[in-house]
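Please read the structure below before turning to the comments.
Values quoted throughout were computed directly from the atomic coordinates according to the rules given, and no laboratory measurement underlies them. Just so you know, these numbers come straight off a predicted model, no measurement behind them. Every residue, glycine among them, receives a Cβ derived from its backbone with ideal geometry; neighbour counts consider all protein chains shown.
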Amino acid sequence: MSTKAPLFSRNFRKSFPVAVRGEGCWIHTADGRRLLDGAGQAAVVSIGHGVPQIGRAMAEQSSQIAFAHTSQFHSAPAEKLAARLLALAPPNFRNGGRVYFTSGGSEATETAIKLVRQYQLEKGQSSRYRVVSRRQSYHGSTLGAMTVSGNVARRAPYQPLIAEWGHIAPCFCYHCPFEKQFPECGIACADDLDSFLDRNDADAVAAFIFEPVVGATLGAVVPPEGYPARIAEICRKRGILLIADEIMSGMGRTGKPFAVQHWNVPPDVILVGKGIASGYAPLGAVLVAPQVAEIFERGSGVFQHGFTYQAHPVATAAGNAVLDHLEANKLFDRVTPASEILRAELASLLSHPHVGEIRGLGLLLGIELVKNKVTREPFSKEENIAERICQAALDENVLTYPTQGCVDGFRGDHILLAPPFIVAPEESAIIATALKSALALVFGN
Ligand SMILES: Cc1ncc(COP(=O)(O)O)c(C=O)c1O
């Protein structure tokens, strides 16, 4: 355990083991433990830890040229990765789509916020600047990204610094904000975007951003059939751009390269992060559809935005090597069958009196813990259930991703599971067994 190191760590009350080696789905620590990475380190690691080809590709690139500033140069790995991402994206990104690389997810969100603003300016729609989003969502930790995020706890300390551009209802059937049931609800949560625009200054809105599958904040909540299409239709009708935040759900995590492909919805912008380099390098990307990029090309020609490290040659080389590995080992195709195995292993947890729902898509799964399964009443925040389950699973050497607040921003406990795509059936069984023990330890039954 390292407590004295001069790192400004995430939690001063906690001591963190030092990770020294990764191998497949396992992380080895300096104090000799071997931990099963059941959450892919926050839905990041897709190909598994310790794949030597990735490090070699990065070393090779840095020995050729490690850095060349994007105001003066392009690099071959960035150009190559851009073309490959567009080929994986929905068909509306082909023939003229563009990719803006960043150093992570929050930078991708910031980039998209500025990009949709400048897009509207280039089109002569100077009143449009707001990016509307949903309550109970997360799009990143920088201030622009916090502005569009609806994650109450993560926003709370910074409230005075954050603009209010408006949030609509989440799409969350298990705790429906309208207390309705699908399909009788008529997807009221999608129509909430339309009514929001009716009630507010619609001419000030530039775009709408959403997570097709809500990751950390709600615990892998999948929209009902018809929701993404209805949202896309409203955006189209209202002349606002649709940004799909696939930082967590993209790059194969849900069983398709991008989650929106499950519903054949064509966003204007797709945000990518996490799995794009499987944790081997800090990398994110903004995929821009041709009709948006064209406005810049035909307009001022200059996007007033930039980061020193954007489109970094070594990071994009890592992205290419990860994609090579995903393709050579057909790992995108492993997600759905691996998910079925993991879900089958987890199924018995549902008989536990406090396991309310197991949900998700592909290898992005959530387990919600409730006080009362009939009423779906959550535990109080103070009971700290998700964190206690996580700690108890860790005692069984299994890493999970706990979060509180899925019900109202404060109450509601869930555990996110997002193992690497290579997770073996025996490893899925270990995850389920550890969670079973954790439930028994925390609830004493
Ligand atoms: C959906 C979503 N958007 C944005 C982000 C922010 O990405 P990063 O932490 O790489 O800045 C995250 C991170 O968890 C995320 O899950």
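What helices (runs of 4 or more DSSP H) completely inside segment 1-95 contain at least 3 residues that are more than 27 Å from the chain's Cα centre (by Cα)?
52-64
Residue by residue through segment 147-176, note down the ones that are touching a Phe, Trp or Tyr at 6+ places or on another chain (Cβ under 9 Å), free of Cβ contacts under 8 Å to residues at least 24 places away in the same chain and more than 12 Å from the ligand (Cβ to nearest atom).
176 - this is the single residue of segment 147-176 that is touching a Phe, Trp or Tyr at 6+ places or on another chain (Cβ under 9 Å), free of Cβ contacts under 8 Å to residues at least 24 places away in the same chain and more than 12 Å from the ligand (Cβ to nearest atom).
Condition (residue is buried (at least 20 other Cβ atoms within 10 Å of the Cβ) and touching an Asp or Glu at 6+ places or on another chain (Cβ under 6 Å)) applied to segment 344-356: is it met by at least one residue?
Yes, the conditions are met somewhere in segment 344-356.
Can you list residue pairs whose Cβ atoms sit under 8 Å apart, with the first residue in segment 27-46 being closer than 15 Å to residue 390 by Cβ and the second being within 16 Å of the ligand (Cβ to nearest atom) and of a type in the set (Val, Ile, Thr)? Count only pairs 6 or more apart in sequence or on different chains.
Listed pairs, sorted by first residue: 37/45; 38/400; 39/400.
On the basis of being away from the ligand (no atom under 13 Å from the Cβ) and not in a loop (DSSP other than H, G, I, E, B), does residue 209 make the cut?
So residue 209 fails the test.
Filter segment 113-146 down to residues that are of a type in the set (Ser, Thr, Tyr) and surrounded by 21 or more Cβ atoms within 10 Å (Cβ to Cβ) and give me whichever is farthest from the ligand (Cβ to nearest atom).
119
Exactly one condition in (1) within 16 Å of the ligand (Cβ to nearest atom); (2) without any contact (Cβ under 8 Å) to a residue 40 or more places away in the chain; (3) among the aromatic types (Phe, Trp, Tyr) is false for residue 100; which is it?
Unmet condition: (2).
Looking at segment 233-258, I want the residues that are touching a residue at least 60 places away in the same chain (Cβ under 8 Å) and under 30 Å from residue 195 (Cα atoms) and have a partner that is of a type in the set (Ser, Thr, Tyr) and away from the ligand (no atom under 16 Å from the Cβ) with Cβ atoms under 8 Å, at least 6 apart or on another chain. Which pairs are those?
Listed by first residue and then by second, the contacts come to 241/119.
If only one of 159, 181 is more than 24 Å from residue 267 (Cβ to Cβ), polar (S, T, N, Q), over 22 Å from the mean Cα position of the chain (by Cα) and in a helix (DSSP H, G or I), which one is it?
159
Filter segment 221-249 for residues that are of a type outside the set (A, V, I, L, M), outside any loop (DSSP other than H, G, I, E, B) and away from the ligand (no atom under 16 Å from the Cβ) and give the result.
Answer for segment 221-249, where residues must be of a type outside the set (A, V, I, L, M), outside any loop (DSSP other than H, G, I, E, B) and away from the ligand (no atom under 16 Å from the Cβ): 227, 230, 233, 235, 236, 237, 238.
Among the residues of segment 262-278 satisfying the criterion of being surrounded by fewer than 24 Cβ atoms within 10 Å (Cβ to Cβ) and part of a loop (DSSP other than H, G, I, E, B), which is farthest from the ligand (Cβ to nearest atom)?
Among those that are surrounded by fewer than 24 Cβ atoms within 10 Å (Cβ to Cβ) and part of a loop (DSSP other than H, G, I, E, B), it is 264.
Could we say that residue 384 is touching a Leu at 6+ places or on another chain (Cβ under 9 Å), in contact (Cβ under 8 Å) with a residue 12 or more places away in the chain and surrounded by fewer than 17 Cβ atoms within 10 Å (Cβ to Cβ) here?
no
For segment 162-178, enumerate the residues that are in a helix (DSSP H, G or I) and either farther than 23 Å from residue 246 by Cβ or among the β-branched types (Val, Ile, Thr) (or both).
175, the sole residue that qualifies.
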